[in-house]
Structure formats: structure tokens, C-alpha cells
1. Out of the residues in the range 1-23 that are in contact with a helix residue (DSSP H, G or I) (Cβ under 7 Å, 6 or more places away or on another chain) and either free of Cβ contacts under 8 Å to residues at least 24 places away in the same chain or charged (D, E, K, R) (or both), state the one that is farthest from HIS101 (Cα to Cα).
2. Checking ARG33 against (1) touching a residue at least 40 places away in the same chain (Cβ under 8 Å); (2) among the charged types (D, E, K, R); (3) in a loop (DSSP other than H, G, I, E, B), which test does it fail?
3. Consider PHE96 against the criteria (1) in contact with a Cys (Cβ under 8 Å, 6 or more places away or on another chain); (2) of a type outside the set (S, T, N, Q); (3) within 16 Å of ASN25 (Cβ to Cβ): it satisfies all of them except one. Which criterion is unmet?
4. Can you work out which of the residues in the range 39-85 that are touching a residue at least 12 places away in the same chain (Cβ under 8 Å) and polar (S, T, N, Q) is nearest to ASP23 (Cα to Cα)?
5. Considering the range 77-112 alone, what residues qualify as being in contact with a strand residue (DSSP E or B) (Cβ under 8 Å, 6 or more places away or on another chain), β-branched (Val, Ile, Thr) and at pLDDT 95 or above?
Amino acid sequence: MSADCIFCKIAAGSIPSKSIYEDDNVIAFHDIRPMAKVHFLIVPKKHIETLKDCTAEDQALLGGMMLLAPKLAAEQGLVGYKTLMNVGREGGQEVFHIHLHVFGGGAVADKA
């Protein structure tokens, strides 16, 4: 856990979130700045800054995140969806704690 990481604080329960799933390894919650009608994040509780920092030890964690995405997407009413993991500042990463975006259902602008 990193003391100054917002996702570590969410995983620890010290910052509230609109959580949709939690187990011993990950927490999933709705994004506070959604890019689609449904947009949630799957975040490991283990602090890893970027995908580039993962090792073979993290293989099961990463696989678990990918297998969880379709289950949660279906629970959120998505038939089709996108997944995205930004890597590094140049790759659009804003929070330096790996997380998998899952989004679908049309753009937020289509919500009217």
C-alpha cells in the first residue's frame, strides 16, 4: 500500500467509492469521471504503479482482473464493452496504480 495513492485509500476503505465488487485481491467501482454510460475500474489491492512494473508473480492477479471484467460487465447490463489499461504518463495513465477500465453502453454525452 502506498500512503499517498488514491486507489490504495479506496481499497482500504478510507475514501468512499461506488463499489460494485470486492474480494481479497481487487476492488471494482464506478469511475468518478465516466467516459461512457457504464464505466467502472477493476483495481488490485496490491500497489503496482504501472503494467511495466508487473512481474511473473502478478500473472494470476492480472488474469483474475481480465476474467472478472466480463462477469461485472454483464452484471452492469453490458452486452459489448471495451477494456483499457493505460500505461505510463505517455500512455494516458493519471493514477499510478494499475487499474483496468471497463466501459460501454454509449458515450456519456448520449445519456440525455
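1. Among those that are in contact with a helix residue (DSSP H, G or I) (Cβ under 7 Å, 6 or more places away or on another chain) and either free of Cβ contacts under 8 Å to residues at least 24 places away in the same chain or charged (D, E, K, R) (or both), it is ILE15.
2. Here ARG33 clears every test but (1).
3. Failing condition for PHE96: (3).
4. GLN76
5. Residues satisfying the conditions are THR83, ILE98, VAL102.
Residue-by-condition table, conditions (1) outside any helix (DSSP H, G or I); (2) among the basic types (Lys, Arg):
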| position | (1), (2) |
| --- | --- |
| ILE10 | no, no |
| SER17 | yes, no |
| HIS47 | yes, no |
| LYS52 | no, yes |
| ALA60 | no, no |
| LEU68 | no, no |
| LEU72 | no, no |
| ASN86 | yes, no |
| GLY104 | yes, no |
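Residues are listed down the side, and each one gets a yes or a no for (1) among the charged types (D, E, K, R); (2) under 16 Å from GLY105 (Cα atoms):
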position: CYS5; (1), (2): no, no
position: VAL43; (1), (2): no, no
position: ASP58; (1), (2): yes, no
position: MET66; (1), (2): no, no
position: ALA74; (1), (2): no, yes
position: GLY80; (1), (2): no, yes
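The values are calculated or read from the model by the stated rules, or taken from the named source; none is laboratory data. Just so it is clear, the model here is predicted, and its values are computed rather than measured. With ideal geometry, Cβ positions are generated from the backbone for all residues, glycine too; neighbour counts draw on all protein chains shown.
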